[in-house]
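As structure tokens, the structure follows; a few thoughts come after it.
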Amino acid sequence: QLNILVDTGSSNFAVAGVPDPDVTSYFNSAQSSTYRSQGIEVTVKYSQGSWTGVLGTDVITIPKGIYGSYTINIATILESENFFLPGVKWHGILGLAYSTLAKPSSSVETFFDSLVRQAKIPNIFSLQMCGAGLPVSGSGTNGGSLVLGGIEPSLYSGDIWYTPIREEWYYQVEILKLEVGGQNLELDCREYNADKAIVDSGTTLLRLPEKVFSAVVQAIARTSLIQEFSSGFWTGSQLACWDRNERPWSLFPKLSIYLRAENSSRSFRISVLPQLYIQPILGIGENLQCYRFGISSSTNALVIGATVMEGFYVIFDRAQRRVGFAVSPCAEVDGSPVSEIEGPFTTADVASNCVSSVSFHEPVLWIASYALMSLCGIILLVLIILLLIPPRCQHRYTDNDVVNDESSLVRHRWK
């Protein structure tokens, strides 16, 4: 029996295939009568960690609701670096993003695409992540749900609000603005989508582009009831501790994210209370409870990770190319809800398009990089050949020849 991390930010299904110091169980494919190796090596890199393994196929059954056996692609992880970490309760990862992100190429059919094709289920899944207010270092069995092929009414309350998927690789959405304690950060909306904004269950924190992160920290520090606060807490290098009987959440403001609605002239906002982003992590003795800041900076994306997703039932409606949010009943701390959804609001105060029109997928970036490296290599080779030509074969300059500064600079640098 293996616990699997459900990851909407990648597209490979992979499990530990050999013993590892940080996993308690692994899949021994040699003892499986149904596993078939494809002999294809695959490497997947994440924002933290990576693994290398071998691609194969195996047969799965779904315990509830989808009857029958289905053949899917599965990678057995043979080597990894910073992927399985001390104390993790999972032994593999289920990537539920689009095939564009699948490794080694998009021709590898994803787990969910295989299920949609073979079981004829609707092209939609939904995820309820529970754990609001519970210690981060807890048991990891907080009763969340993954629904394949539909929406389960008992897992949410109120209305579902949908935002369009801007591009089908990650679940890329469009964020219009952020508010801290009801106050708009007043940033250009393109800052929130630089270079993409995605919904990713495999990312623990709410990750913000550096400029946005800095503005959020300043706004939280300005509106919180704590005047002096260690910078290490905001950067994630230090914990903040309070007496166990205190509830520090009352000291911090609400954080709201505005998403474009299906009607592009409207928006809605999802809000998380401090109970979701000021996270209990460690008890010290009988008297102290320590907390971490559930928001971090990012160099390449705004990532709506578990910090926010634990407040909502999130619907990945691939058929209609949209992501839905509804309030989750398990997003309560001490009997009070810690998440909100409100709307609609007008988008008259933001740009008609907050996403850059130029969007490069990772495979395209790799191709461009290799092309540029090849071009540089050819130029370098030509220069070396020219420098090695014997003097008698080289052109002798006459009074009519012109040697400009640029060519002289290249020649002298080589000398």
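The values are calculated or read from the model by the stated rules, or taken from the named source; none is laboratory data. A quick note: this is a predicted structure, and the numbers were derived from the prediction, not measured. All Cβ positions, even for glycine, are placed from backbone atoms using ideal geometry, and neighbour counts span all protein chains on display. Surface accessibility is based on the protein's heavy atoms, side chains included, excluding ligands, DNA and RNA. Shrake-Rupley method; radii C 1.70, N 1.55, O 1.52, S 1.80 Å.
Determine whether segment 42-52 contains at least one residue that is over 29 Å from GLU167 (Cβ atoms) and open to solvent by 30 Å² or more (accessible area, probe 1.4 Å).
Within segment 42-52, not a single residue is over 29 Å from GLU167 (Cβ atoms) and open to solvent by 30 Å² or more (accessible area, probe 1.4 Å).
Give just the number: which of (1) hydrophobic (A, V, I, L, M, F, W, C); (2) in contact with a His (Cβ under 6 Å, 6 or more places away or on another chain); (3) open to solvent by 20 Å² or more (accessible area, probe 1.4 Å) does LEU134 not satisfy?
(2)
Which of the residues that make up segment 140-174 are of a type in the set (A, V, I, L, M), in contact with a Ser or Thr (Cβ under 9 Å, 6 or more places away or on another chain) and either part of a strand (DSSP E or B) or on the phi > 0 side of the Ramachandran plot (or both)?
Residues satisfying the conditions are LEU146, VAL147, LEU148.
Kindly evaluate ILE93 against the criterion of being modelled with pLDDT of 90 or more, more than 28 Å from ASN300 (Cβ to Cβ) and surrounded by 14 or more Cβ atoms within 10 Å (Cβ to Cβ).
It is false that ILE93 is modelled with pLDDT of 90 or more, more than 28 Å from ASN300 (Cβ to Cβ) and surrounded by 14 or more Cβ atoms within 10 Å (Cβ to Cβ).
In segment 222-238, how many residues are at pLDDT 90 or above and open to solvent by 30 Å² or more (accessible area, probe 1.4 Å)?
4
On the basis of being more than 20 Å from ASN3 (Cα to Cα) and open to solvent by 60 Å² or more (accessible area, probe 1.4 Å), does LYS103 make the cut?
Spelling it out, it is not the case that LYS103 is more than 20 Å from ASN3 (Cα to Cα) and open to solvent by 60 Å² or more (accessible area, probe 1.4 Å).
Picking from SER32, SER80, which residue would you name as being out of contact with any Lys or Arg (no Cβ under 9 Å at 6 or more places or on another chain) and surrounded by fewer than 16 Cβ atoms within 10 Å (Cβ to Cβ)?
Selected residue: SER32, the only one of SER32, SER80 that is out of contact with any Lys or Arg (no Cβ under 9 Å at 6 or more places or on another chain) and surrounded by fewer than 16 Cβ atoms within 10 Å (Cβ to Cβ).
With the requirement that a residue be more than 17 Å from GLU168 (Cα to Cα) and open to solvent by less than 20 Å² (accessible area, probe 1.4 Å), what does segment 115-129 give you?
Scanning segment 115-129 gives LEU115, LEU127, GLN128.
Looking only at segment 1-29, filter to residues that are polar (S, T, N, Q) and more than 17 Å from THR52 (Cα to Cα); which one of those is most open to solvent (accessible area, probe 1.4 Å)?
Step by step, filter segment 1-29, then rank; the result is GLN1.
Tell me which strands (runs of 3 or more DSSP E) are completely within segment 270-321 and hold 1 or more residues being assigned by the TED database to the domain that holds GLU168 and in contact with a Lys or Arg (Cβ under 7 Å, 6 or more places away or on another chain), or say none if there are none.
It comes to 278-284, 288-293, 295-298, 302-304.
Select from segment 250-264 the residues that are open to solvent by 20 Å² or more (accessible area, probe 1.4 Å) and either touching a Lys or Arg at 6+ places or on another chain (Cβ under 8 Å) or not in a loop (DSSP other than H, G, I, E, B) (or both) and list them in ascending order.
The answer is SER250, LEU251, GLU262.
Going residue by residue through segment 352-366, is there one that turns out to be part of a strand (DSSP E or B), open to solvent by less than 80 Å² (accessible area, probe 1.4 Å) and at pLDDT 90 or above?
no
Looking at GLY68 and the list (1) surrounded by fewer than 18 Cβ atoms within 10 Å (Cβ to Cβ); (2) under 30 Å from THR299 (Cβ atoms); (3) at pLDDT below 95, which single condition is not satisfied?
(2)
Is it fair to say GLN218 is open to solvent by 40 Å² or more (accessible area, probe 1.4 Å), over 17 Å from THR8 (Cβ atoms) and free of Cβ contacts under 8 Å to residues at least 40 places away in the same chain?
When the stated conditions are applied, GLN218 passes them.
Answer yes if at least one residue in segment 198-206 is in contact with a strand residue (DSSP E or B) (Cβ under 7 Å, 6 or more places away or on another chain), assigned by the TED database to the domain that holds ALA301, under 20 Å from VAL338 (Cβ atoms) and charged (D, E, K, R), and no otherwise.
So far as segment 198-206 goes, no, none of its residues is in contact with a strand residue (DSSP E or B) (Cβ under 7 Å, 6 or more places away or on another chain), assigned by the TED database to the domain that holds ALA301, under 20 Å from VAL338 (Cβ atoms) and charged (D, E, K, R).
Could you check, for segment 229-240, whether at least one of its residues is free of Cβ contacts under 8 Å to residues at least 24 places away in the same chain and touching a Gly at 6+ places or on another chain (Cβ under 8 Å)?
The answer is yes; a qualifying residue exists.
Among the residues of segment 183-215, count how many are part of a helix (DSSP H, G or I) and either open to solvent by 50 Å² or more (accessible area, probe 1.4 Å) or more than 28 Å from VAL6 (Cα to Cα) (or both).
Summing the residues that are part of a helix (DSSP H, G or I) and either open to solvent by 50 Å² or more (accessible area, probe 1.4 Å) or more than 28 Å from VAL6 (Cα to Cα) (or both) in segment 183-215 gives 7.
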